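S.K.: After the structure tokens below, expect a handful of questions from me.
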Amino acid sequence: MSLILSFEDFENARRVIAQNAGQWKRTPLIRHWKDLRSCAAASQQCDLYLKMENTQVTGSYKVRGIINQLHHLDMELGGNPKEKELVTISAGNFGKAFAFLSGSYKTRYVVMAESAPPNRKPIIEGFGAVAERVPTSELDARVEYHVSKGRIFVNPLNDINLIIGHGSIGMEILDDLPDPDVIVVPCGGGSLLGGIAAAVRLSGRTECRIYGVEPENGDLTSAA
């Protein structure tokens with residue numbers, strides 16, 4: 001895929017995601033959120049909406065990007081994933097969604113840090129993947145070991161098809177609210193923010209301001 005994206009790339013990803021009923025759902029955009037919950041915006045002259053991705057299958061938006069990511073991986077492999085093995089690195093939502101969606105592959109490994117909450121391992125293994133807890137300092141080496149055994153690394157952050165898939169959220173926001181003034185997006189690794197921002201900009205909404213937000217004690221994006 002060309003690194004120069006078009007709105008058509010996001011439309012194609014949206015169609016791919018839509019074809020996978022049961023693995024995702026279209027989440028609601030709740031209006032008048034400021035009236036439902038006490039927040040600073042309640043005293044401001046604004047309409048505040050909330051995109052309810054916490055009601056998504058597996059509990060987060062991650063399924064959107066992974067559906068598109070695995071679709072393209074399947075095409076690269078010739079549509080025969082049953083003999084292939086995958087590995088990724090995640091201690092949370094990506095690992096859960098990856099394990100849930102990759103069941104057609106022979107074996108799937110999720111490498112996570114020992115510092116991750118203990119309940120993450122049985123959740124991921126409940127979807128049929130193998131979860132491995134290792135010291136944080138050994139995470140990269142463990143992934144490299146799996147790759148050396150012929151397993152395919154599924155990048156949880158820096159993958160163009162993953163990012164485009166996440167952009168489907170931005171397209172749904174525009175369906176429900178065609179002319180937003182501001183969109184605020186949580187940013188961890190940046191794939192969600194990048195996908196939504198690109199989808200909105202390529203749709204022609206050049207006046208919409210898009211902000212990435214993160215906690216003060218977890219400001220890895222702004223510090224990068």
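Conditions (1) open to solvent by 70 Å² or more (accessible area, probe 1.4 Å); (2) within 21 Å of Q19 (Cβ to Cβ); (3) small (G, A, S); (4) at pLDDT 95 or above, marked per residue:
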| residue | (1), (2), (3), (4) |
| --- | --- |
| G65 | no, yes, yes, yes |
| Q69 | no, yes, no, yes |
| G79 | no, yes, yes, no |
| K82 | yes, yes, no, no |
| F94 | no, no, no, yes |
| E125 | yes, no, no, yes |
| A131 | no, no, yes, yes |
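S.K.: For P118, all conditions in the list (1) open to solvent by less than 50 Å² (accessible area, probe 1.4 Å); (2) over 26 Å from G195 (Cα atoms); (3) not polar (S, T, N, Q) hold save one; what is the number of the exception?
M.R.: (1)
S.K.: Quick check, is G170 under 30 Å from C46 (Cα atoms) and touching a Ser or Thr at 6+ places or on another chain (Cβ under 8 Å)?
M.R.: Working: under 30 Å from C46 (Cα atoms): yes; touching a Ser or Thr at 6+ places or on another chain (Cβ under 8 Å): yes.
Yes; evaluated as a whole, the condition is true for this residue.
S.K.: Quick check on region 42-58: of everything there that is assigned to a helix (DSSP H, G or I) and in contact with a helix residue (DSSP H, G or I) (Cβ under 7 Å, 6 or more places away or on another chain), which residue is surrounded by the fewest Cβ atoms within 10 Å (Cβ to Cβ)? Don't jump to the end; show me each part of the working.
M.R.: Keep residues of region 42-58 that are assigned to a helix (DSSP H, G or I), which gives 42-43, 53-55, 57-58.
Imposing the further condition that a residue be in contact with a helix residue (DSSP H, G or I) (Cβ under 7 Å, 6 or more places away or on another chain) reduces the set to 42, 53, 57-58.
Numbers: A42: 13, E53: 19, V57: 18, T58: 21.
Result: A42.
S.K.: State the number of residues belonging to region 153-212 that are within 22 Å of T88 (Cα to Cα), assigned to a loop (DSSP other than H, G, I, E, B) and either modelled with pLDDT under 95 or open to solvent by 60 Å² or more (accessible area, probe 1.4 Å) (or both).
M.R.: Of the residues in that region, 6 qualify.
The values are calculated or read from the model by the stated rules, or taken from the named source; none is laboratory data. These numbers come from a predicted model, not from an experiment. Counting neighbours? That spans all protein chains shown, and the Cβs are built from the backbone with ideal geometry, glycine included. Just so you know, the surface numbers come from the protein's heavy atoms only, side chains and all, with ligands and any DNA or RNA stripped out. Shrake-Rupley method; radii C 1.70, N 1.55, O 1.52, S 1.80 Å.
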